[in-house]
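Peer 1: My questions all concern the structure below.
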Amino acid sequence: MKRIVIASFAAVIIGCGAITLAAPSNAVTTSNAATQSSHIAGQIMVKFRDNGAAAGVLRQHGLREGPSIGSTGAQLIKVPAGKELQLIEALSRNPAVEYAEPDELVTAATDDQYFPRQYALQNNGQSFTNTASTLTVAAGKADADVDAVEAWNVTTGGGTRVAIVDSGVASDNPDIAPKVVARANFSGTPTGEDNYGHGTHVAGIVAATANNTIGVAGVCPGCTILDAKVLNDSGSGSSSAIANGINWAVSNGAKVINMSLGQRVSSRTLETAVNNAWNAGAVLVAAAGNAGTQAKIYPGAYPNVIAVAATDNADAKASFSTYGAKWVDVAAPGVNVYSTFPNHPFYLGTQNGRSQGYDVGSGTSMASPIVAGVAALAWSSHTGATHTSVRANVESTADTIPGTGTYWEHGRVNADNAVR
């Protein structure tokens, strides 16, 4: 499994295939293990040119066929621990094998009570830099938001399905749990509950209920959520889990798929899952990473994914955000973004001092779901919309801000422009 880094609370970056959360040091983060290459022991991913030859080829190496990985055509093969790279090399020499690769380790981008703290939706020149109980307010630029409130005059989402491929969505936060219409667990944990916290925060940014007197509002408050849990309770996962999550999301009608995670090394299996989802008509959005460099991470860097950098409440590039107009497509607010958290103890709360229920998080993991929400609004507002037209709409209507053309190609997204 490739190591996956979650691109939101912490600056989690995938190194050598490691999936990491994309967030800065002052945000909810995991360890910055993205610079290490780490694959899952005891399994590899193999795709055969001729599936009829698979059993015979594997038998030559003392192996057996394994389960398919989503719609990628690859199989997850069990191998002796410590023999992963040796068997990959041997299998790759067989003409019946299209490719064999490691499975890299992944690690974790109104009247509502806290709506005034949501500068990303409607910026009154404030930025909140601490927890719900102790807030520091800083001056900001009043037009650094994505004009979500104005967009709601056109649409609030119309039930558009957005898949959150992450650590799960908490079942006990009343501001987001009712929006989940289907759940699946690919993380290997015994429960689909979000005990890490990252996925719940990301989901709330997309679709938390608006005008219900509690909590926050999502960018697309009329959207519904598909919860694909691919990261375990300590924020780790695998490339194969992500591929399975993407495939499940498409099978369950996702119009938009958000991936606030990433890895430094490309995976052919993961890219196939992304391309299959795109070809099936889904818009895919992913965090660009929190390394503060131009180094690519995946899936964000794949051509069929909208890669998202983070800005602050002054419309400037966040210091931690990965950047580069050659592959980063758009930007969105990602500094101290207020959203939902589980109402039970969770890892990021314990390790990063985040409050149960609601609190801030920083990282491209937070910027990515803002763009996913904007894409969902665009889906619901344009008759005859397609994945290609929605992506073009989101990118072409973005506001040109400092850094456009240098840090990112198209600008900071604008929901009101996108729905009109």
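Peer 1: Conditions first: (1) assigned to a loop (DSSP other than H, G, I, E, B); (2) touching a Phe, Trp or Tyr at 6+ places or on another chain (Cβ under 7 Å). Residue 307 passes all but one, so which condition is the exception?
Peer 2: (1)
Peer 1: Enumerate the pairs (first residue in the stretch 277-305 and hydroxyl-bearing (Ser, Thr, Tyr); second residue anywhere and modelled with pLDDT of 95 or more and part of a strand (DSSP E or B)) with beta-carbon separation below 9 Å, excluding pairs fewer than 6 apart on the same chain, so at least 6 apart or on different chains.
Peer 2: From the stretch 277-305, the pairs are 298/286; 298/305; 302/284; 302/286.
Peer 1: Okay, next question. Counting only residues that are touching a Leu at 6+ places or on another chain (Cβ under 7 Å) and farther than 19 Å from residue 256 by Cα, how many does the stretch 232-242 have?
Peer 2: Of all residues in the stretch 232-242, those touching a Leu at 6+ places or on another chain (Cβ under 7 Å) come to 235-240, 242.
From what is left, the residues that are farther than 19 Å from residue 256 by Cα are 235-240.
Residues meeting the conditions: 6.
Peer 1: Please specify each residue of the stretch 275-297 satisfying the condition of being farther than 27 Å from residue 399 by Cβ and either of a type in the set (Asp, Glu) or crowded, with 20+ Cβ neighbours inside 10 Å (or both).
Peer 2: 277
Peer 1: Among the residues of the stretch 324-359, write down those that are of a type outside the set (D, E, K, R), out of contact with any helix residue (DSSP H, G or I) (no Cβ under 6 Å at 6 or more places or on another chain), surrounded by 24 or more Cβ atoms within 10 Å (Cβ to Cβ) and within 20 Å of residue 233 (Cα to Cα).
Peer 2: 346, 348, 358, listed by residue number.
Peer 1: Could you tell me whether residue 200 is on the phi < 0 side of the Ramachandran plot and assigned to a loop (DSSP other than H, G, I, E, B)?
Peer 2: Considered against the rule, which asks whether it is on the phi < 0 side of the Ramachandran plot and assigned to a loop (DSSP other than H, G, I, E, B), residue 200 comes out as no.
Peer 1: Do you know which residues across the stretch 204-224 are out of contact with any Gly (no Cβ under 8 Å at 6 or more places or on another chain) and crowded, with 24+ Cβ neighbours inside 10 Å?
Peer 2: 217
Peer 1: Hey, does the stretch 178-188 have a residue that's buried (at least 23 other Cβ atoms within 10 Å of the Cβ), touching a Lys or Arg at 6+ places or on another chain (Cβ under 7 Å) and either among the β-branched types (Val, Ile, Thr) or in a strand (DSSP E or B) (or both)?
Peer 2: No - not one qualifying residue is present in the stretch 178-188.
Peer 1: Tell me, yes or no, whether the stretch 380-389 has at least one residue that is crowded, with 22+ Cβ neighbours inside 10 Å, more than 15 Å from the chain's Cα centre (by Cα), outside any loop (DSSP other than H, G, I, E, B) and not small (Gly, Ala, Ser).
Peer 2: No, because not a single residue in the stretch 380-389 is crowded, with 22+ Cβ neighbours inside 10 Å, more than 15 Å from the chain's Cα centre (by Cα), outside any loop (DSSP other than H, G, I, E, B) and not small (Gly, Ala, Ser).
Peer 1: Hey, another quick one. List the residue pairs whose Cβ atoms are under 7 Å apart, where the first residue sits in the stretch 256-270 and is surrounded by fewer than 24 Cβ atoms within 10 Å (Cβ to Cβ), the second is at pLDDT 95 or above, and the two are 6 or more positions apart or on different chains.
Peer 2: 268/99; 268/101
Peer 1: For the stretch 225-255, how many residues are part of a strand (DSSP E or B) and in contact with a Gly (Cβ under 8 Å, 6 or more places away or on another chain)?
Peer 2: Number of matching residues: 5.
Peer 1: So, residue 280, is that one among the hydrophobic types (A, V, I, L, M, F, W, C) and either farther than 15 Å from residue 372 by Cβ or touching an Asp or Glu at 6+ places or on another chain (Cβ under 8 Å) (or both) or not?
Peer 2: Values: among the hydrophobic types (A, V, I, L, M, F, W, C): yes; either farther than 15 Å from residue 372 by Cβ or touching an Asp or Glu at 6+ places or on another chain (Cβ under 8 Å) (or both): yes.
Yes; evaluated as a whole, the condition is true for this residue.
Peer 1: Now for a different question. Can you name every residue in the stretch 334-376 that is assigned to a strand (DSSP E or B) and of a type in the set (S, T, N, Q)?
Peer 2: Hits for the stretch 334-376 are 339, 340.
The values are calculated or read from the model by the stated rules, or taken from the named source; none is laboratory data. This is a predicted model, so every value here is computed, not measured. Every residue, glycine among them, receives a Cβ derived from its backbone with ideal geometry; neighbour counts consider all protein chains shown.
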